[in-house]
């Protein structure tokens, strides 16, 4: 199973999702990430938060959606923050789609400790969602039920 996480800049939230998913998922499942307007680098605090969580950071990069044009993911999960007026990326293809809204911790104004705490909270929230996904009885869910479960998980 291939999962593609999308956001706008692909420097924080979608990269966190990619790294955490690949850290937690069993063999045969793999995550990728991309952005509609990639920043061109992974935010340094994203890498710091992943390292604090014990997640490998080697090979993470900010990529455009076009990078994965031939990927054909099974699942496509957007993580942009609609509440902040952020446009979610569009990706064509037959993937099951869901939205897991996440505020961008890199946009937080605060002390270094406050921003680091926001990154850690985002990592924890993503981890909760991915663990809930991995606990699903995937072999017993049809596409409609899987989509409903993904949307439910996006509210955790």
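The values are calculated or read from the model by the stated rules, or taken from the named source; none is laboratory data. Computed from a prediction, not measured in an experiment: that's the story for all the values here. Note: ideal-geometry Cβ built from the backbone for every residue, glycine included; neighbour counts use all protein chains shown.
Miscellaneous remarks
- Across region 56-88, the number of residues qualifying as in a loop (DSSP other than H, G, I, E, B), at pLDDT below 90 and under 17 Å from the mean Cα position of the chain (by Cα) comes to 5.
Quick grid of which residues meet (1) farther than 25 Å from residue 156 by Cα; (2) in contact with a helix residue (DSSP H, G or I) (Cβ under 9 Å, 6 or more places away or on another chain):
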position	(1), (2)
3	no, yes
14	no, no
21	no, yes
29	no, yes
32	no, yes
41	yes, no
61	yes, yes
73	no, no
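- Qualifying residue in region 112-123 (condition: on the phi < 0 side of the Ramachandran plot and touching a strand residue (DSSP E or B) at 6+ places or on another chain (Cβ under 8 Å)): no
- Test: residue in region 2-10 that is touching a residue at least 60 places away in the same chain (Cβ under 8 Å), in a helix (DSSP H, G or I) and within 16 Å of residue 101 (Cα to Cα): no
- Of all residues in region 137-152, those that are exposed (fewer than 15 other Cβ atoms within 10 Å of the Cβ), in contact (Cβ under 8 Å) with a residue 12 or more places away in the chain and touching a helix residue (DSSP H, G or I) at 6+ places or on another chain (Cβ under 9 Å) total 1.
- Answer residue from region 21-46, given it is in a helix (DSSP H, G or I) and surrounded by 16 or more Cβ atoms within 10 Å (Cβ to Cβ) and is nearest to the chain's Cα centre (by Cα) among those: 21
- Counted residues, region 37-55 - those being at pLDDT below 95 and over 19 Å from residue 79 (Cβ atoms): 0
- Among residues of region 114-132 being surrounded by 15 or more Cβ atoms within 10 Å (Cβ to Cβ), closer than 19 Å to residue 80 by Cβ and free of Cβ contacts under 8 Å to residues at least 40 places away in the same chain, the one that is farthest from the chain's Cα centre (by Cα) is 118.
- When residue 93 is tested against (1) outside any helix (DSSP H, G or I); (2) at negative phi; (3) surrounded by fewer than 17 Cβ atoms within 10 Å (Cβ to Cβ), just one condition goes unmet, and that condition is (2).
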